[in-house]
1. Considering only residues of the stretch A:102-140 that are facing another protein chain (nearest Cβ under 8 Å) and among the aliphatic types (A, V, I, L, M), which is nearest to the chain's Cα centre (by Cα)?
2. Give the number of residues within the stretch B:14-47 that are over 22 Å from A:Val26 (Cα atoms) and either away from DNA strand D (no atom under 12 Å from the Cβ) or not in a helix (DSSP H, G or I) (or both).
3. Name the single residue, out of those in the stretch B:125-144 being more than 22 Å from A:Ala165 (Cα to Cα) and open to solvent by less than 40 Å² (accessible area, probe 1.4 Å), that is modelled with the lowest pLDDT.
4. Within the stretch A:1-38, can you find the residues that are among the small types (Gly, Ala, Ser) and at pLDDT below 95?
5. If you check every pair at least six apart or on different chains, which have Cβ atoms under 8 Å apart with a residue in the stretch A:142-157 that is facing another protein chain (nearest Cβ under 7 Å) and farther than 15 Å from B:Ser154 by Cα first and a residue that is part of a helix (DSSP H, G or I) and among the hydroxyl-bearing types (Ser, Thr, Tyr) second?
6. Return the pairs, sorted by first residue and then second, in which the second residue is open to solvent by 20 Å² or more (accessible area, probe 1.4 Å) and within 13 Å of DNA strand D (Cβ to nearest atom), the first residue lies in the stretch A:44-59 and is away from every other protein chain (no Cβ under 14 Å), the beta carbons are less than 6 Å apart, and the residues are 6+ apart or on different chains.
7. Out of the residues in the stretch A:48-79 that are of a type in the set (Phe, Trp, Tyr) and over 14 Å from A:Ala11 (Cβ atoms), state the one that is nearest to DNA strand D (Cβ to nearest atom).
Number of protein chains: 2
Amino acid sequence: METYHHGSLRAELLGLAAETLESSGVHALSLRDLARRAGVSHAAPIHHFGTRTGLLTELARQGFEGLAAVLSDAGDDLYDAGVAYVRWGVGHPGLYGVMWQTELLDRTHEPLERARRDAWHHLERCLGPSTEARRTDALAAFALVHGVVQLILSGAEPRIQDDEASLRDLLRRLTPAS
Amino acid sequence: METYHHGSLRAELLGLAAETLESSGVHALSLRDLARRAGVSHAAPIHHFGTRTGLLTELARQGFEGLAAVLSDAGDDLYDAGVAYVRWGVGHPGLYGVMWQTELLDRTHEPLERARRDAWHHLERCLGPSTEARRTDALAAFALVHGVVQLILSGAEPRIQDDEASLRDLLRRLTPAS
DNA sequence: GGGTAAATCTTGTCGGTGACAAGTTACACT
DNA sequence: AGTGTAACTTGTCACCGACAAGATTTACCC
């Protein structure tokens, strides 16, 4: 059969990579392993992504898009959005880490940066008009939800409950300025 | 001179590793490069740390100790401690990332976990007696400062100012429960 | 102070990995 | 039909972490 022209190699590689990311972590993700599992040569992934960084950058971009979609669905309430954010992050332990590890990503990749800003704006939107104080509010809100996700994922604080009620209770410690 | 028995190889390797970590990031930190720069054989670092994970674990432990010391000096006020935390994190961009990247560390290493808990307790101490609500307060406080550091280090939000006044203003969005 | 155990470091080697270069095959478009 | 281009392969290189086995030095104990 067709040894050449797999047809949708790029998509399949991304899928396999996402699986590995969640099941085994970034460090276990190698281009050569992906190639083996997809049944192609060891250099095939490089053709599609250039470098390993290129692959991770694409995964991160997809991640921010998924996150933005969830935030968009969560509505206009800051705490609703916060809960949605945390739940998405906790649900994607491998990917979420990659999204924030700038060392692994190509920060000059415009689609990635755009997706990141989009996700940010969905959270900022819950705070009303953009004054100076609102921007600080948004920073605090983002830092809090991001920190909660990282704390949970790191496993450093096993006492954190990630059910909705506990999360909401936690997020309520944040009170936007007057 | 003495080819064998460098005298303080372990300490020198840790120092070189810390330098590389801050100047070039984790990914640029290799045991073999450390060995070259210390003028020893490529396997010498392995003798002292077992694995690369072992080296990073030791660095992280030192990191938490340094962080705990800074928090201890910051006094009893939650916001003072928060500012001190953020400033320490921002001042150690490479190391701070390693400290929270569990994939790179040996989480069963008791000295590391003890140092981590110590740092935590220094922050929790600012909140008074340990009730249920206080613990949630502590979680929120930790998540917020941690998130702020990560946001700054990631460079995703260049608008964050890390001078003391701006940081304090940001941290004030957090109000512990009654 | 002599001998033995342990710690420190070296040499050698293995499998795995990212990256690049050059070649081969299939598709697309005119 | 023919030609350019995209998709993929084979081959290769340097680097890395890890392990094993050996050499050298220190420490300790009688």
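The values are calculated or read from the model by the stated rules, or taken from the named source; none is laboratory data. What you see is a predicted model, and the numbers here were worked out from it, not measured in a lab. Cβ coordinates were reconstructed from backbone atoms using ideal geometry, including for glycine residues, and neighbour counts include every protein chain displayed. Side chains are part of the model used for accessible areas, which takes the heavy atoms of the whole protein and leaves out ligands, DNA and RNA. Shrake-Rupley method; radii C 1.70, N 1.55, O 1.52, S 1.80 Å.
1. A:Leu104
2. Result for the stretch B:14-47: 12.
3. Only one residue fits best here, namely B:Leu127.
4. A:Gly7, A:Ser8
5. These pairs meet every condition: A:Ser154/B:Thr102; A:Gly155/B:Thr102; A:Ala156/B:Thr102.
6. Matching pairs, first to second residue: A:Pro45/A:Leu31; A:His48/A:Arg10; A:Leu55/A:Phe49.
7. A:Phe64
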